[in-house]
Amino acid sequence: MTGPLQSTADEATCAWVTAAIPEGYELTIDGLTWCPEKGKSERIAGPVWVSAFTEDKGTGVHGIIIGWIDRRGRVQEGAWRADTLHSLGRALA
C-alpha cells in the first residue's frame, strides 16, 4: 500500500507532521492526546487523516478518503461520502 504511512509508520513520513494542532492537544505517531495540564494527558484517538478528496462527476457527490492505523499497527484506508461526517449518530465511527 502506498500513502502517507507505510505499515511500519515513521514519524518523519506522517501526514500530520505539518498540521496545525490546537493548544492543549498533541498529535504524534500514537494518535491524538489531550494535555489539560503539565504532567497529565489522555489519549483521545489513534492517528486518523484525510488523504484525498473526491467528487463523482456524474452526481456531484463529494467524498473523502480517510486513513488510519488499526489496532494491529497496519495502515488502513476507506472512502466515504463527505456528508457522512455530518450525519446523525455514529455513521462513520
> Any idea of D30's accessible area? Nearest 10 Å², probe 1.4 Å.
Replying inline: 100 Å²
> So what J values fall out for region 30-44 if you push phi through Karplus, 6.51 cos²θ - 1.76 cosθ + 1.60 with θ = phi - 60°, rounded to Hz, Gly and Pro as x?
Replying inline: 8, x, 9, 10, 9, 10, x, 7, 4, x, 10, 7, 9, 6, 8
> Tally Lys and Arg at +1 and Asp and Glu at -1 over the other residues with C-beta under 14 Å from the C-beta of G63: what net charge comes out?
Replying inline: -2
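The values are calculated or read from the model by the stated rules, or taken from the named source; none is laboratory data. Since the structure is predicted, the reported quantities are computational estimates derived from the model, not experimental observations. Every residue, glycine as well, gets a Cβ built from its backbone with ideal geometry; the counts of neighbours run over all protein chains shown. Keep in mind that these areas ignore ligands, DNA and RNA; they rest on the heavy atoms of the full protein, side chains included. Shrake-Rupley method; radii C 1.70, N 1.55, O 1.52, S 1.80 Å.
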